[in-house]
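This report refers to the structure that appears directly beneath it.
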């Protein structure tokens, strides 16, 4: 029973990281109908920036803040510089451009920082928490991970629901043409969407790097899992992204915990199994709306 | 039209075969290896460009099919050493075709990013099998493959040249078969399904079967490429079949010009030669290893972005524009001469993955011919 509790808690902590990546993909998907393969690469790059800042200032929080700011800038710049020119071109072109961006960022990180694994500090102590004398299997840092992503998700939800900027974003995602006709500058809204996605990705990068180390490809597997979480939840649904991330985090935690060493080899197979089962019943994700097909 | 073009396709293939043979004799061993590498890439990318460009299904999982082909080849050559290589090749193709049928059936309901996600995960998950069952698949170390030149070529014939020949032959045969297939009824059905599933179904096309068949064809090509990779590298290990491989295949298909077979060749040339060339430049300038090994990666990323921004229709689109056949911008997605896909423009399926079809201009007749003959 204690084991189960431990696996659940650590599953939630990892799941929230996948949820953050998934959420950033959903933000971009809703605005541009595009899958941003560079999301993980952008997160990796901003985490390197954070590491530099932490080394020079000695303050974790300075690095944390700079990483998030860099994420916002990187997201907006990427959209303005290379994504906007592909508007109206075949959809796969933009996808290939994000792949090019990912490769470029990984190459740049390798040139600037080398390929070696670097450790990244955690925000809080990583010693395991205890309830009385039972170890809970998670640390203060893990709690911070879950709380930070949850806070970001809630802020986004509140922003979308109650601010006029949020209303504009929802309108642009719902129907770009109508939104444009009613005076919304859809292009600017899309840039803001990319900036917010960059922020979420940067958050995920800073939060996951203490447990994965940091190297140019370090976010690849996190990206794949975040992408899977977004697909499971349904790419149009922010709530689906969070649920998908949690589901995946829990499933992988149980698989790794109960299947022993075999489990870690089979992580990808377990993920594939979950995805296949979900898509078999819900081909557009759990939180897909009614499917519209014009005939 | 189809019968008229077959001799032309065969002629082009023969000319290419002669060029490859001459090149492989004139150039160094390392270039032989590159020729083989490009031929392998062409085989896999051609299958993918047919899947994504003609039937409209995206796949980030063709690396997984290469994995299946490569391990089938390695296991067969290890346990049934008496089999001639051609039989091994056919067996590998058959096994991958079966795998493609299974995946295609599971994927037939999925669209766009959902299909991309499922196939991407397949290409991550399948190579993990090799680690999970080290007894059969050799674990991380992989399996060794013994491949030798046949006796009739004499003892002094370099192995790399033979490998380049074998790979190029398979690539050319694949290209000829795919060119014919795409001009046949099967190819027309794929285009119809891609452009409008509902209209295709109303016109009597079995949509599900067309989609699964496209997956089978594409998987078979990837399986052949995997088999070739096994005998060229003489080792199959899970480390060779990363997501990077699957992503590179799609990249090559789109960069070259999605749905066109010459585009598959251009794309393969780019993804094999650009990194090698950039490495040569970087090392010859005496840069430190960490910089020199990463400059090609960064340069490759820049090339991808640049080509996509400059030639929205891929390199083949750029080539055709240079030859004055088409104007560069409009997305040409629909063939003219085939019956089933004569759909009114109002019936666009919103979930389809092609580019702006409504912005199409009328092209000169030559360009239709080009499109039709791939």
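Could you tell me how many degrees, from 0 to 90 and to the nearest 10, lie between the Cα long axis of helix A:164-174 and the main elongation axis, the longest principal axis, of the Cα atoms of chain A?
The two axes meet at around 80 degrees.
So what is the calculated 222 nm ellipticity per residue for chain A, using -39500 (n - 2.57) for each DSSP H run with n of 4 or more, over all residues, to the nearest 500 deg cm²/dmol? All intermediate terms of the calculation are to be shown ahead of the outcome.
On the way: 12 runs with 214 residues, N = 295.
Rounded to the nearest 500, the figure is -24500 deg cm²/dmol.
Between the alpha-carbon centers of region A:148-205 and region B:215-276, tell me the distance in whole angstrom.
38 Å
Using only the alpha carbon atoms of region A:18-218, find the Kirkwood hydrodynamic radius as the inverse mean reciprocal pair distance, in angstroms to one decimal. Please report the intermediate quantities before stating the final value.
On the way: mean 1/r = 0.0561 Å⁻¹.
After inverting the pairwise mean of 1/r, the radius is 17.8 Å.
Average the reciprocal distances over every distinct pair of alpha-carbons in the protein assembly as shown, invert the result, and give the Kirkwood radius in Å.
25.9 Å
For chain B, what does the helix formula give at 222 nm: sum of -39500 (n - 2.57) over DSSP H segments with n ≥ 4, over the residue count, nearest 500 deg cm²/dmol?
Values: 15 runs with 260 residues, N = 374.
Counting only the DSSP helices, I get -23500 deg cm²/dmol.
Select from B:110, B:48, B:89 the residue whose mean-square fluctuation is largest in a Gaussian network model of chain B (Cα-Cα springs shorter than 10 Å).
Comparing B:110, B:48, B:89 in a Gaussian network model of chain B, the most mobile one is B:110.
Sorting B:152, B:157 on the 10 Å Cβ count, fewest up front, what's the list?
Final ranking by Cβ density, sparse to dense: B:152, B:157.
Given N residues in chain B, what is its alpha carbon radius of gyration divided by 2.2 N^0.38 Å?
0.99
Give the angle, between 0 and 90 degrees and rounded to the nearest 10, that separates the Cα long axis of helix B:62-79 from the longest principal axis of the Cα atoms of chain B.
On a 0 to 90 degree scale, this one is about 40.
Rounded to the nearest Å, what's the spacing between the alpha carbon centres of region A:73-91 and region B:179-194? Just the number, please.
33 Å
For peptide B:107-113, how many partner chain Cβ atoms fall within 10 Å of a residue's Cβ, on average?
Details: counts 3, 1, 4, 5, 3, 6, 12.
Mean shielding by partner chains, rounded to a whole number: 5.
I'd like the mean, over residues of A:221-231, of how many other protein chain beta carbons sit within 10 Å of each residue's own Cβ. List each step's numbers first, then the result.
On the way: counts 2, 0, 2, 7, 2, 0, 5, 5, 1, 3, 9.
Mean number of neighbouring Cβ atoms from other chains: 3.
Remind me, relative contact order of region A:18-218 in percent, using alpha carbon pairs under 8 angstrom and six or more residues apart?
Normalised by residue count, the contact order of region A:18-218 is 42 percent.
When Cβ neighbours within 10 Å are restricted to other protein chains, what is their mean count per residue of peptide B:304-313?
Across B:304-313, the average partner-chain Cβ count within 10 Å equals 6.
Can you tell me the order of B:162-170, B:135-143 when each peptide is scored by its average per-residue count of other Cβ atoms within 10 angstrom, highest first?
B:162-170, B:135-143
No lab work stands behind these numbers, since they all come straight from the coordinates. What you see is a predicted model, and the numbers here were worked out from it, not measured in a lab. Because the Cβ atoms are built from the backbone with ideal geometry, glycine has one as well, and the counts that use them run over all protein chains shown.
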